[in-house]
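A.B. asks: Here you go, one structure.
A short reminder: the numbers here are calculations on the coordinates, not readings from a lab. If you're wondering where the values come from, they're calculated on a predicted model, not measured in any experiment. With ideal geometry, Cβ positions are generated from the backbone for all residues, glycine too; neighbour counts draw on all protein chains shown.
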Amino acid sequence: MPTGKRLRRLTSNPSLTGGSLEPAVYEGLAGMRLAMRRFLSFSEAAVSEAGVTSQQYQTLLVIKTAPGSQIMVRELAEQMLVQHHGAVQLIDRLVAAGLVLRVPSDQDKRSVLVALTSDGEELIERLARIHLEGILANERLLVESLKKLRRLERLS
């Protein structure tokens, strides 16, 4: 959930903060939310079938996309928008499931990096393929909604 400071920054565009919005803006926003909800529902079913949670899948994605596919716990917590201890608990569960492992840092012996195991690599590959298919299934609605919103924003 955005903080008040972040929310103010999101609404600082003068063309979007004054006066009444066109009905088409609401239609564009509703289309975007529908596409996202469809995708999230699809995603929830896919990760559940694979035996992980959405948060665990997101954690695996963060690790996979980190430089060298390794990440410090602090950086993982920042990207996951969780407290450090929450990231540690996530990692503990993923370690227990055999999907990630802790690796001592070569650069700082006090630091620990988190990396995917071969099982974690296989799972993220399989889930990424499924998710790509799921998001492309909503491509038309996403594109139409974004185009509508962009067109309206340019008119204001």
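A.B. asks: So if I place +1 on the C-beta of Lys and Arg and -1 on the C-beta of Asp and Glu, and nothing else carries charge, what would the dipole magnitude of region 22-155 be about its Cα centre? I want it in debye, nearest 20.
C.D. replies: Numbers: 17 positive and 17 negative charges, 84 e Å.
Here region 22-155 has a charge dipole of around 400 debye.
A.B. asks: Between beta-carbons, use under 15 Å as the cut-off and find the net charge around Arg93, counting Lys and Arg +1, Asp and Glu -1. Numbers along the way, then the final one.
C.D. replies: Numbers: positive: Arg102; negative: Asp92, Asp119.
Net charge in that neighbourhood comes out at -1.
A.B. asks: So for region 8-156, taking the charge dipole from beta-carbon charges (+1 Lys/Arg, -1 Asp/Glu), which of Leu142, Leu94, Val112 sits furthest toward the positive end?
C.D. replies: Value: Leu142.
A.B. asks: Continuing with this model, one more query. At Arg150 and Ser48, where each label point lies 7 Å from the Cα along Cα→Cβ, what is the point-to-point distance in nanometres?
C.D. replies: 3.5
A.B. asks: Cβ under 12 Å from Met32's Cβ, Met32 left aside: what net charge do those residues give with Lys, Arg +1 and Asp, Glu -1? Mind dumping the intermediate values first?
C.D. replies: Details: positive: Arg33, Arg37, Arg38, Lys147, Lys148, Arg150; negative: Glu27, Glu144.
The answer is +4.
A.B. asks: Give me the Å³ per residue figure for the convex hull around the C-alpha atoms of the chain. Display every interim value, and only then the final one.
C.D. replies: On the way: hull volume 22.5 nm³, N = 156.
It comes to 144 Å³ per residue, whole-number rounded.
A.B. asks: How much length is gained if the chain between Val143 and Ala128 is pulled fully straight, taking 0.36 nm per residue apart and subtracting their Cα-Cα distance, in nm to one decimal?
C.D. replies: 3.3 nm
A.B. asks: Hey, another quick one. Just how many % of Cα pairs in region 111-150 lie over 15 Å apart, if you round to the nearest whole percent?
C.D. replies: Counting pairs separated by more than 15 Å, the tail of P(r) holds 61 percent.
A.B. asks: Got the relative contact order for the chain handy, in percent, Cα pairs under 8 Å and 6 or more residues apart?
C.D. replies: Details: 137 pairs, mean separation 49.0, N = 156.
The normalised contact order for the chain reaches 31 percent.
A.B. asks: Still on this model: What length, rounded to one decimal in nm, is gained on full extension from Ser118 through to Leu101, with 0.36 nm per residue of separation minus their alpha-carbon distance? Provide the component values of the computation, followed by the final result.
C.D. replies: Details: separation 17, 0.36 × 17 = 6.12 nm, distance 1.01 nm.
That pair, Ser118 and Leu101, stretches by 5.1 nm at full extension.
A.B. asks: Can you tell me the orientation of helix 139-155 relative to the chain, as the angle in degrees between its alpha-carbon axis and the longest Cα principal axis, to the nearest 10?
C.D. replies: Relative to the chain, helix 139-155 is tipped by roughly 50 degrees.
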